[in-house]
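Comments concern the structure below.
A short reminder: the numbers here are calculations on the coordinates, not readings from a lab. Not measured: the values here are computed from a predicted model. Quick reminder, even Gly has a Cβ in these numbers, built from the backbone with ideal geometry, and neighbours come from all protein chains shown.
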Amino acid sequence: MRLPGLVDVHVHMREPGGTHKEDWDSGTAAALAGGVTMVLGMPNTRPAVTDNQTLDEALAAAASKARCDYGQYLGAGPVVPDVSGLAERIAGVKMYLDQTYGPLRLDEMDLWVRHFSAWPVQVPVAVHAEGRSLAAAILLASLADRPVHLCHVSTREEIEVIRMAKQSGVKVTCEVAPHHLFLCEEDAAAIGAGRSEVRPRLARRRDVEALWQNLDVIDCFATDHAPHTLAEKEGENPPPGFPGLETALPLFLNAVTEGRLSLEDIIQRYVTAPRRIFHLPEQADTWVEVDLDAAWEVRAAEMHSRCGWTPFEGWKLRGRVRSVTLRGQEVVRDGQVLAKVGSGRNVRL
Ligand code: DOR
Ligand code: ZN
Ligand code: ZN
Ligand code: ZN
């Protein structure tokens, strides 16, 4: 069975500044191994990507190391930058409206307003906003009459607010991460206290059920691939985040076998809608060969991410990536990543 190359609009590549967790080489190898041929990198790096200079640094690392196609987000900071000369170079703008990993956070709502109105409407704006912040973000984007993309929606109240906003014509889109569809708070004990830290947190069982019941409101699947090492996850102050690039498609394929999703549901949310919302180019001669019948067990030891663990360790899944072809080149074959370091292209060039 052949699928188009997947487009993941929410990944953390950790370069610059966190390359012991992941870099543009290991992270894009993980992407390809999972059938993802295009990634959009988040800006909460060290330094954070907030201006032309820090963007240059992140894009230089990506250009020399990425194995799949990529774009880079700019993080909204306390000073709204001169958008001309920046808007065309970025995948989108990320606004952190609640506390999570890294220094980027916008506390003042008047700053949200200034960013919403400063960026041209064709520049995608994605927000990390949970609960009431999410409702506030929808309101302010709507008042500014510009589209807003809501990252990693995880609860019943969030998805229901989004449904209402869409019904009244607000230009809102959203994504859900696989860990919020396949895990709930009751799984945290088995995963381990430190390891199970993630933002938004693993939700209640009824929240997970509400996401599945409102699948029609979910525009995109995106991993929020957020690698931290095992030492960090099991240390003093465990940073939040799960790796996800190498387990997302297998989890979705397994859900197809279980009758909870269709292949069309996956393609719609993991290729078509991401391209439309983020104005991304089609990738010619690019596809993923999957085996829907292959039964296997998830093992971090076989993965390419540098973080060395997965919250899905030991899960028995049906459905696996056999090979990936990117722009006519076979870049993955049976778990081996063949793509050359630096062969990925910047989607905004
Ligand atoms: O769990 C998370 N980890 N949520 C985020 O929003 C950020 C991410 C990270 O960068 O580690
Ligand atoms: Zn986030
Ligand atoms: Zn994230
Ligand atoms: Zn477009």
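Quick notes
- Distance in nm between pseudo-label sites at Arg201 and Ser64 (7 Å out along the Cβ direction from Cα): 4.2
- Whole-Hz ³J(HN,Hα) from phi, Karplus 6.51 cos²θ - 1.76 cosθ + 1.60, for segment 68-82, glycine and proline x: 10, 6, 8, x, 10, 6, 9, x, 6, x, x, 10, 6, x, 5
- Residue separation of Asp82 and Arg322 scaled by 0.36 nm, minus their Cα-Cα distance, works out to 81.9 nm of gained length.
- Nonlocal amide H pairs with Val331, under 5 Å, H built at 1.01 Å: Val324, Thr325, Leu326
- Neighbour counting of Cβ atoms within 10 Å sorts the residues Ser64, Ser168, fewest neighbours leading, into Ser168, Ser64.
- Lys-Lys pairs in the chain that are eight or more residues apart or on separate chains and whose Cα atoms lie under 27 Å of each other come to 12.
- Cα centre as origin, Lys/Arg/Asp/Glu Cβ charges: the chain dipole, Debye: 380
- Part-to-part distance (alpha-carbon centres) for segment 51-119 and segment 179-244, which is given in Å: 24
- Annotation: the residues Ser305, Ser262, sorted from fewest to most other C-beta atoms within 10 Å of their own C-beta, follow the order Ser262, Ser305.
- Protection proxy ranking, peptides 173-180, 208-215, average beta carbon neighbours within 10 Å, highest first: 173-180, 208-215
- Of Glu289, Glu15, Glu108, the one that fluctuates the most in a GNM where the chain has Cα springs shorter than 10 Å: Glu108
- Computed extension length for Asp110-Arg132: 6.3 nm, one decimal, from 0.36 nm per residue of separation with the Cα-Cα distance subtracted.
- Inter-probe distance in nm under a simple model that places probes 7 Å from Cα toward Cβ, at Leu139 and Ser262: 3.8
- ³J(HN,Hα) computed for each position of segment 200-206 - Karplus, 6.51 cos²θ - 1.76 cosθ + 1.60, integer Hz, glycine/proline x: x, 4, 4, 9, 6, 4, 6
- Sequence of Tyr101, Tyr270 once ranked by neighbouring C-beta atoms within 10 Å, starting from the fewest: Tyr101, Tyr270
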